[in-house]
Every structure is written in structure tokens, then in C-alpha cells.
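Enquirer: Got a structure for you, questions after.
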Amino acid sequence: MDLVRLIYTSTITEQFEVEDIARILKVARVKNKALNVTGLLSFNRQFFLQCLEGTRQEVNQIYHKIATDPRHKKPEIISYEVISYKEFDSWNMGYLQNTASLRELFYQHTKSINFDPYNMNGERALALLMDIRDEIKRAETQ
Ligand SMILES: Cc1cc2nc3c(=O)[nH]c(=O)nc-3n(C[C@H](O)[C@H](O)[C@H](O)COP(=O)(O)O)c2cc1C
């Protein structure tokens, strides 16, 4: 069965509250683990940028569930590709707190303080997510 990586972006709704990040991560880590799906969630005040990796059926199943969640809207798939190995296999759902280093990465990748992932192509979104991944790993080893 093909391994795939899906990257999408979305926008928070009025229903969303900051505490939802912890709630989402808690559920995602349990459910993704059960389906052997890994990935990374990134959040910057208004937008989510998330990647999911796993077998095609499982990634599709989780994505379709996520897409109907009322805490966000306008889900837009930025890239969907068949992969030979996972880049984000360290976490069922990794997350980097909104720290100066995260803001710096957003800035480096978009050259703008108004981070808007809807303008990113798949290659750039993946490069940003991989830098966030590396930053989480650095923080974890400190
Ligand atoms: C931005 C965002 C990302 C999410 N990521 C995941 C995820 O990776 N895995 C997951 O199972 N649920 C994720 N969720 C939560 C799902 O939408 C859903 O609430 C959860 O799977 C529980 O579904 P259930 O109550 O039908 O079991 C996410 C929600 C949002 C808003």
C-alpha cells in the first residue's frame, strides 16, 4: 500500500479557542497512533499548516475527518504525494509552541511578518515543516 504525505492549510473559525490546540493534539496523538499516521501541526494565530503521513487509506480517512472540524474552515490541500519514506515519523502529531524561533522560521520562509500559508506551494510548505521538525528535535535534546 502506498505511503503518502498530505499537507493542507486552514483558517481558524470563531469557535476556535487557544485551548483547542492542546485538545486537538491529545486526540490526534491517540487516533493517529492507532492508524500508524505521523505528522506535524503548525499554528500561527490565524492559520493551521499540517502534514499527515501514512498509508493512503489512513491519511485520507483522517484528513476527511479533520476537514469537517468546526474549529477551522477553508481547508486547502497544498500537496499530496506518494512518498518512499516518512519525514515526520518521530511523532504521531508533533507541535512547536509559538515561540520566537517558530516566528523566525515563518519569517525566513515567507519573507513576511504576515504568514499566509495559502500562498505557499508544496515544496515551500514542506521545507518550512521540515525546519519546524528540526527545531522541535533541537529543543527536545536541550
Ligand atoms: C487543525 C486540526 C488538526 C487536527 N488534526 C487531527 C489529527 O491529526 N488526527 C485526528 O485524529 N484528529 C485531528 N483533529 C481533530 C479531528 O477533527 C476530530 O475532532 C478528532 O479526530 C475526534 O473525532 P471524533 O470525536 O469523531 O472521534 C484535528 C482538528 C483540527 C481543527
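Please treat every number below as a calculation from the coordinates, not as lab data. Quick caveat: nothing in here was measured; it's all calculated off a predicted structure. Glycine also receives a Cβ, built like all others from the backbone with ideal geometry; neighbour counts cover every protein chain displayed.
Enquirer: Could you tell me the convex hull volume per residue, in Å³, taken over the Cα atoms of the chain?
Expert: Cα-based convex hull of the chain, divided per residue, equals 105 Å³.
Enquirer: Which of the chymotrypsin sites (Phe, Trp or Tyr not before Pro) found in segment 61-142 are in a DSSP loop and have at most 14 neighbouring Cβ atoms, other than their own, within 10 Å?
Expert: Those satisfying the criteria are TYR85.
Enquirer: Give me the compactness ratio for segment 1-51, meaning the Cα radius of gyration over 2.2 N^0.38 Å. Mind dumping the intermediate values first?
Expert: Values: Rg = 12.2 Å, N = 51, 2.2 N^0.38 = 9.8 Å.
Normalised Rg, Cα atoms only: 1.24.
Enquirer: Among ILE62, THR9, PHE106, whose Cα projects farthest towards the positive end of the dipole of the chain, with charges put on the beta-carbon of Lys, Arg (+1) and Asp, Glu (-1)?
Expert: ILE62
Enquirer: Further question: For a 24 Å ceiling on Cα separation, which of these pairs sit above it: LYS26/LYS111; LYS65/LYS137; LYS65/LYS111; LYS33/LYS111; LYS74/LYS137; LYS26/LYS65?
Expert: LYS26/LYS111; LYS65/LYS137; LYS65/LYS111; LYS33/LYS111; LYS74/LYS137
Enquirer: Additional query: May I ask you to list the aspartates and glutamates whose Cα is less than 20 Å away from that of LYS86, ignoring any residue fewer than eight positions away on the same chain?
Expert: ASP2, GLU53, GLU58, GLU123, ASP131, ASP134, GLU135, GLU140
Enquirer: Then there's this: In a GNM of the chain with a 10 Å cut-off on Cα contacts, which of GLU58, GLU87, GLU19 has the highest mean-square fluctuation?
Expert: GLU19
Enquirer: Another question, if that's okay. Which is the longest part of the chain that has none of the trypsin sites (Lys or Arg not before Pro) sitting in a DSSP loop with at most 13 other Cβ atoms within 10 Å?
Expert: The longest such stretch corresponds to 46-110.
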